[in-house]
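The structure under discussion appears below in the form of structure tokens.
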Amino acid sequence: MKTLLLDANVLLALAWPNHPFHHRAVARLTKRGRYRWATCLLTQAAFVRLSSNPKVVPGAKLPAEAGEMLARLTSNSAHVFLDAKKARLSKLFELLRRCHSHNQVNDAFLIWVAISNGAMLLTFDLPVQHLAPVPELVEVIS
């Protein structure tokens, strides 16, 4: 069973009905078939931080409220939590060498977590696909 690691933007869209891509995220996860979906420490922290930012989420929540929403989302039976695998640090360094700027560092870490766990990164961000060593590691929701 393949696992989809949701990046923070997909997680935000899934959680908040007022997010402009909410319906696209829900539709993609509804037709995930046999796929499980995942978060990691990086996406969970970003979710709480961004959900608390009124420039990102209209009607932003307090961090505790965002944490409660995160707990509800991740209690779903199809959810799994992915850890980074220290044994795969060489793969992370390869991905970091592919980065052209600081803006790609989080994406490199997410791809590394996905690779380390045999998962695929799910995002709205098309350029992330070019950072992956093979495009099949990243699925872009259009």
Problem set entry | Where Ala60 falls short, out of the listed (1) out of contact with any Leu (no Cβ under 6 Å at 6 or more places or on another chain); (2) under 15 Å from Asp7 (Cα atoms) | (2)
Seminar exercise, completed: A careful count of residues in segment 79-123 that are of a type in the set (Asp, Glu) and within 17 Å of the chain's Cα centre (by Cα) gives 2
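Quick test for you: out of Arg72, Arg98, pick the one residue that is basic (Lys, Arg) and farther than 16 Å from Leu6 by Cα. It would help to see each step written out before you state the result.
Values: Arg72 fails: farther than 16 Å from Leu6 by Cα.
Unique residue meeting the criteria: Arg98.
Out of the residues in segment 13-26 that are over 16 Å from Met120 (Cα atoms) and touching a residue at least 60 places away in the same chain (Cβ under 8 Å), which is surrounded by the most Cβ atoms within 10 Å (Cβ to Cβ)? If you could, list the steps in order and put the result at the bottom.
Just the residues of segment 13-26 that are over 16 Å from Met120 (Cα atoms), to begin with: 13-24, 26.
Now drop any that are not touching a residue at least 60 places away in the same chain (Cβ under 8 Å), which leaves 13, 21, 24.
Values: Ala13: 22, Phe21: 17, Arg24: 16.
If we take residues in segment 13-26 being over 16 Å from Met120 (Cα atoms) and touching a residue at least 60 places away in the same chain (Cβ under 8 Å), then Ala13 is surrounded by the most Cβ atoms within 10 Å (Cβ to Cβ).
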For this session: Name, by its number, the condition in (1) touching a helix residue (DSSP H, G or I) at 6+ places or on another chain (Cβ under 9 Å); (2) modelled with pLDDT of 95 or more; (3) not acidic (Asp, Glu) that does not hold for Ala71.
Result: (1)
For this session: For segment 30-55, name all the residues that are more than 16 Å from the chain's Cα centre (by Cα) and β-branched (Val, Ile, Thr).
Result: Thr30
Problem set entry | Those residues of segment 27-38 which are surrounded by 13 or more Cβ atoms within 10 Å (Cβ to Cβ) and closer than 19 Å to Asp125 by Cα, in sequence order | Arg28, Leu29, Arg32, Trp37, Ala38
For this session: Kindly list the number of the only condition in (1) in contact (Cβ under 8 Å) with a residue 40 or more places away in the chain; (2) buried (at least 18 other Cβ atoms within 10 Å of the Cβ); (3) more than 17 Å from the chain's Cα centre (by Cα) that fails for Val10.
Result: (3)
For this session: Tell me, please, whether a residue that is under 21 Å from Ile141 (Cβ atoms) and touching a Gly at 6+ places or on another chain (Cβ under 9 Å) can be found in segment 29-42.
Result: no
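The values are calculated or read from the model by the stated rules, or taken from the named source; none is laboratory data. Small disclaimer: the values here were computed from a predicted structure and weren't measured. Cβ coordinates were reconstructed from backbone atoms using ideal geometry, including for glycine residues, and neighbour counts include every protein chain displayed.
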